[in-house]
Structures are given as C-alpha cells and as structure tokens.
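Have a look at the structure below before the remarks.
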Amino acid sequence: MALTVWESALFLPFVLPLCLWVALSDLKHMKIRNKAVLALAAVFLVGGLLAVPLADYPWRVAQMLGVLVAGFIANALRLLGAGDAKFAAAMAPFVPAADARLFLMLLAVAMLAAFLTHRAFRAMPRFRALTADWAS
C-alpha cells in the first residue's frame, strides 16, 4: 500500500466525523451538503501539505479534479447524484493512485454490504417506524 500510517493518522480525526455526518445526512435526507464536501476537500488541501510527500501533492489534487469531471459526467448520465459526485471528488485525494485498485475493491464490497444492510433494516417494521421520516 502506498498510503502510509502517518497519512492515515493525520487525516483520520478530521475525516471520520465528516464522513459520519455525510453518511447520516445521506441516509436521512438523501442529500450530501456542500459544506461537508468543502470541509473534506479543505482537510486534504491543508493537511495534505503536511502529510503527503510534496511530489505527490499536485497529483492528488489532479485526482480530485479528474474524479470531479468524471462525477459530473456520471451525474449528467443519471448514474449517480451530484452530491455523490462531489463527495467522491473530495475523497479522491486521500487515496494514492497506487492504492486505487484495492480501494475500488473495498468500495465495491462495502457498497454491497451497505445496500444489503439497508434493505434488511428497511424490512424490519420496528426499525422502519423509528426512521419513518427518513428519505432513504
């Protein structure tokens, strides 16, 4: 893995609360707030100067822009929501290009597990009553 323990340790305390906020907001309202996306991007743009080797930093920012363009195209084709596209772009620089294959495999497994868990909880009347005002 190209991602170092140093990078992970530096970013985790800032990224984890933002990602939890996005996950809960997306589940409840089916919206990913621009504030969360901008905050996540800011964490990398500022923290990345300390955590990422300076030679890699511009490439990681380029990854963010590339994922943003790809996300906008996917959104225009109605493959995913605009919030998802922006969040993916803000998340992209945290994953070194050398780790992209592993990340995409983990993402696929996590998405499948999340979908199945969401459907299982949705089928439980007691849980459904607790989340009746949720959009998802």
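What follows is calculated from the coordinates using simple rules that are stated; it is not laboratory data. Remember, predicted model here, so these are calculated numbers, not experimental data. Glycine gets a Cβ as well: all are built from the backbone with ideal geometry, and neighbour counts include every protein chain shown.
Once the Cα-Cα distance is subtracted from the 0.36 nm per residue extended length, the A42 to A113 segment shows a gain of 22.6 nm. For the chain, the mean residue ellipticity at 222 nm estimated from helices alone is -25000 deg cm²/dmol, where every DSSP H run of n ≥ 4 contributes -39500 (n - 2.57) and the total is divided by all residues, rounded to the nearest 500. Taking the C-alpha atoms only, the angle from helix 34-51 to the longest principal axis of the chain is near 30 degrees.
Which value, in debye to the nearest 20, describes the size of the charge dipole of the range 21-124 about its Cα centre when Lys and Arg Cβ atoms bear +1, Asp and Glu Cβ atoms bear -1, and nothing else is charged?
Numbers: 10 positive and 4 negative charges, 88 e Å.
The calculated dipole for the range 21-124 is roughly 420 debye.
Computed over the range 5-96, relative contact order equals 30 percent, with contacts defined as Cα pairs under 8 Å that lie 6+ residues apart. Between A129 and M1, the simple label model (points 7 Å from Cα in the Cβ direction) yields a spacing of 4.2 nm.
Our note on the geometry: Cα centres of the range 59-75 and the range 100-120, 21 Å apart.
Model label sites at A9 and W59, defined 7 Å from Cα along the beta-carbon direction, differ in position by 2.4 nm.
With a ≥ b ≥ c the root eigenvalues of the C-alpha gyration tensor of the range 5-96, is it rounded (a/c under 1.5), prolate (a/b larger than b/c) or oblate? Oblate is the answer for the range 5-96, as a/c is 1.5 or above yet b/c matches or exceeds a/b. The peptide list 37-48, 57-68, 1-12, 101-112, put in order of mean Cβ contacts within 10 Å with the highest first, becomes 37-48, 57-68, 1-12, 101-112.
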